[in-house]
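Q: Before we start, here is the structure in question, set down as structure tokens.
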Ligand code: FAD
Ligand code: UDP
């Protein structure tokens, strides 16, 4: 009998497994249908020995010091600031759009102040910003929207930006200075030895058992557990009772080239041409030195593993029905990007998992055999050190 069954060994499941095992001294079984831990952040060495991310580029960034400090227990870090170029009109230009993007695209020599006026002259007034189109045209006008956002978004999501919630393109800022970093968060790092090594340390605890290639649907009646944490798609958990939620998928084409470098930065976006949205060259992210280089091309798709909840109002309405059902389902916690149907970054999922743990601590008595008087010394010590 396990105190907890956790479905999914990504960030949501692994953080909770670590917290429950370490702080409450409870027995955890964590299962994943994939043959590895780490969820979508999983990385591994490919056949040529280059460290790649199996499910596309993952860059850690956060403004939350507590989340960074928590993960720092399991990894050292490599400082890394992400830079992305977009291929537009035959040039590779900085995205997010900044002063250099505009000056190079149009052969201008504007200052930041002049660029502010330049944007203001082109921005389209929008009464209420609701959609992903509104966000961009109201900031920089229609021409830049069409060059940098419309095509990419249509490929990525399979719908026009005018049919997507504003939160999608609002992820990408517009700048009038020369800052060409993709993110502006305070903490921007890559795990020094990779994500999988970080997950291995997180899950390395005598109270945690891991079962891979194990689908919850196949074993749910066979495993004895007191409580469940589910981090897969919430609609699947409830047998699609209110219909399937839309998740966007990707097909990844991984290639290795017999040359040291392929492109000047880790990610190049293709908003105007090609069926793929972006190409990632991993050595820029990881700092690895290798005579060859490995790349991933991302092809968006309706079918395949669910990667992105699709932020549109009708999907949100359907999710709300599942969420209401989840609230009435005792002893089951739904956590993570798929189970809470939120377009969350890694740090947000870690924050959500840590908050869930605090709720569990407040609401759920410890398993009888693990009452505080029986808590082993190492767990008691870590309780003190984290307080
Ligand atoms: P997941 O990592 O999806 O883990 C869920 C796990 O549950 C999976 O391993 C799955 O196999 C398992 N599972 C599902 N159903 C079952 C079942 N029935 N039985 C058993 N196991 C099951 N975030 C960033 O912060 N920075 C980035 O640069 C970044 N880049 C990204 C790029 C791409 C292409 C994608 C798709 C996402 C990116 N993210 C990024 C987001 C990041 O991947 C997520 O925030 C994070 O990995 C979510 O963790 P999770 O545990 O909620 O879900
Ligand atoms: N986007 C775009 N052009 C770009 C970069 C982003 O249109 O060059 C839009 C697109 O809709 C994308 C969204 O902004 O899905 C969010 O971009 P982000 O890079 O955050 O996507 P993710 O890394 O989550 O796939």
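Q: Determine the distance separating the Cα centre of the range 305-364 from the Cα centre of the range 6-21; give it in Å without decimals.
A: After rounding, the separation between the Cα centres reads 14 Å.
Q: Suppose the chain between residue 315 and residue 69 were pulled fully straight at 0.36 nm per residue; how much longer would it get relative to their current alpha carbon spacing?
A: Full extension from residue 315 to residue 69 adds 85.1 nm.
Q: Between residue 81 and residue 185, what is the spin-label point distance in nm, taking each point 7 Å from the Cα along the Cα→C-beta axis?
A: Placing both labels 7 Å beyond Cα along the Cβ direction yields 1.6 nm.
Q: Here is a further query. Quick check: Cα centre of the range 117-133 to Cα centre of the range 168-233, how many Å?
A: Computed from Cα coordinates, the inter-centre distance equals 35 Å.
Q: Report P(r) for the range 97-208: all Cα-Cα distances, bin width 10 Å, range 0 to the bin holding the largest distance, values in whole percent.
A: Result returned by the calculation: 13, 33, 26, 15, 10, 3, 0.
Q: Note down the relative contact order for the chain as a percent, whole number, built from C-alpha pairs under 8 angstrom at least six residues apart.
A: Averaging sequence separation for qualifying contacts and normalising by length gives 26 percent for the chain.
Q: Using the C-alpha gyration tensor of the range 7-64, what are the square roots of 5 times its eigenvalues, in whole angstrom, with the largest one first?
A: 25, 16, 9
Q: Taking all pairs of different Cα atoms in the range 100-152, averaging 1/r and flipping that mean, what Kirkwood radius in angstroms comes out?
A: 11.6 Å
Q: While we're here: Report the full-extension gain for the segment residue 362 to residue 263: residue separation times 0.36 nm, less the Cα-Cα distance, to one decimal in nm.
A: Here the answer is 30.6 nm.
Q: Here's another thing I want to ask about it. How large is the helix-only mean residue ellipticity at 222 nm for the chain, computed as the sum of -39500 (n - 2.57) over DSSP H runs with n ≥ 4, divided by its residue count, in deg cm²/dmol to the nearest 500?
A: -9000 deg cm²/dmol
Q: May I pose another question? Can you tell me which of 46, 347, 109 moves the most in a GNM of the chain? Springs connect C-alpha atoms under 10 Å apart.
A: Highest fluctuation among the options: 109.
Q: What does the extension gain come out to for residue 239 and residue 160, with contour length at 0.36 nm per residue minus their alpha carbon separation?
A: 25.5 nm
Q: Also, I was wondering about something else. Bin width 5 Å, origin at 0, all Cα-Cα pairs of the range 1-146: what percent of pairs per bin?
A: Answer for the range 1-146: a P(r) of 2, 7, 10, 13, 12, 11, 11, 10, 10, 7, 5, 2, 1, 0 percent.
Q: So, one more: Using alpha-carbon pairs under 8 Å, 6+ residues apart, how would you state the relative contact order of the range 9-111 in percent?
A: Over the range 9-111, the number comes to 13 percent.
Q: Please compute the Cα-Cα pair-distance distribution of the range 278-325 with 10 Å bins starting at 0, giving whole percents from short to long.
A: The percentages, shortest bin first, are 19, 29, 22, 19, 10, 1.
Q: Would you calculate the separation in nanometres between label points at residue 249 and residue 292, each defined as 7 Å from the Cα along the Cα-to-beta-carbon direction?
A: 2.8 nm
Q: Can you give the Kirkwood hydrodynamic radius for the chain, in Å, rounded to one decimal and based on Cα pairs?
A: One over the average 1/r among Cα pairs gives 22.7 Å for the chain.
Q: A follow-up question, please. Sort 15, 332, 350 so that the residue with the fewest other Cβ atoms within 10 Å of its own Cβ comes first and the one with the most comes last.
A: Ascending Cβ contact count within 10 Å gives the list 332, 350, 15.
Q: Now a separate question. Taking only the alpha-carbon atoms of the range 65-128, what semi-axes of the equivalent ellipsoid follow from 5 times the gyration tensor eigenvalues under a square root, in whole Å, largest first?
A: Working through the eigenvalues yields semi-axes of 35, 18, 12 Å.
Q: Can you compute the modelled spin-label distance between residue 197 and residue 117, with each label point 7 Å from Cα toward Cβ, in nm?
A: Result: 5.3 nm between the two label points.
Q: I'm a student and want to see the number: the projected area of the Cα convex hull of the range 277-361, averaged over all directions, in nm².
A: Here the figure is 8.5 nm², rounded to one decimal.
Q: Going by a ≥ b ≥ c, the root eigenvalues of the Cα gyration tensor, does the range 169-306 fall in the rounded group (a/c under 1.5), the prolate group (a/b larger than b/c) or the oblate group?
A: Taking the square roots of the gyration eigenvalues as a ≥ b ≥ c, the range 169-306 is prolate.
Any read-out appearing in this document is the output of simple, stated calculations on the displayed coordinates, not a laboratory observation. This is a predicted model, so every value here is computed, not measured. Note that each Cβ is placed from the backbone with ideal geometry, even for glycine, and that neighbours are counted across all protein chains shown.
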